[in-house]
Amino acid sequence: MSGKVIQTLRASPLATVLGEAELRMPAICGSICAYDPGQTIVPADDQDERLLVLRQGRVALRLTMTTETGQCSGESAAELITPGEPFGWAAWTRPDRLGASARALESVSVAAFDLARLQDSGTFFKVSQRMLQFLYARLQEGGLCPPNVQALLKMKRLLQV
């Protein structure tokens, strides 16, 4: 486990729901990845199931949501600039409902976590809940979802496999 990986995880809002021992569990399956300006971090047509946490740099994030009813649908773009910002939701979403892509706007460093290797279901559950909250917040910020709890509950049902 790299010291940089655990430091990045500690700087993330994910650390607020995990104890110190729980922080070490995902850090074991993490590594540091570097991207050059313009390089794709998460391709739009890929189901990259890594959890990513920004260490440094600027990332262009694009979310595309499609629902059968047309509610909570559309595209939004955001720029990630704050170290510790988590992204990468493919492990928790359906590819026919939500697409996410990310591209480096400048030299970028991220901690990437292969959660399929995580052996602790309790930690995975806590991380999952928090990542869905972050996703919903991004969808709200982008104007794709209404700002109410009932819509969040409905979205969670829609995104379940």
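Computed from the coordinates by the stated procedures, all read-outs in this text should not be read as laboratory data. Just so we're clear, the structure is a prediction, and the values are computed from it rather than from any experiment. Don't worry about glycine lacking a Cβ; one is built from the backbone with ideal geometry, like all the others, and counts go over all protein chains shown.
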Among 19, 88, 143, which one shows the highest mean-square fluctuation when the chain is modelled as a Gaussian network with alpha-carbon springs under 10 Å? 19
Counting just the Cα atoms, what span does segment 3-159 cover along each of its three principal axes? Round to the nearest Å and put the largest first. 46, 36, 23
Radius 10 Å from Cβ of residue 32, net charge of other residues (Lys, Arg +1; Asp, Glu -1): +2
Per DSSP, loop GluC sites (Glu not before Pro) in segment 29-91 with at most 12 further Cβ within 10 Å: 68
Once you list every other residue whose beta carbon is under 14 Å from the beta carbon of residue 6, what net charge do they have if Lys and Arg are +1 and Asp and Glu are -1? +2
Cα convex hull of segment 8-78 - mean projected area over all directions, nm²: 6.6 nm²
Quickly estimate the mean residue ellipticity at 222 nm for the chain, helices only: each DSSP H run with n ≥ 4 gives -39500 (n - 2.57), and the total goes over all residues, rounded to 500. -9500 deg cm²/dmol
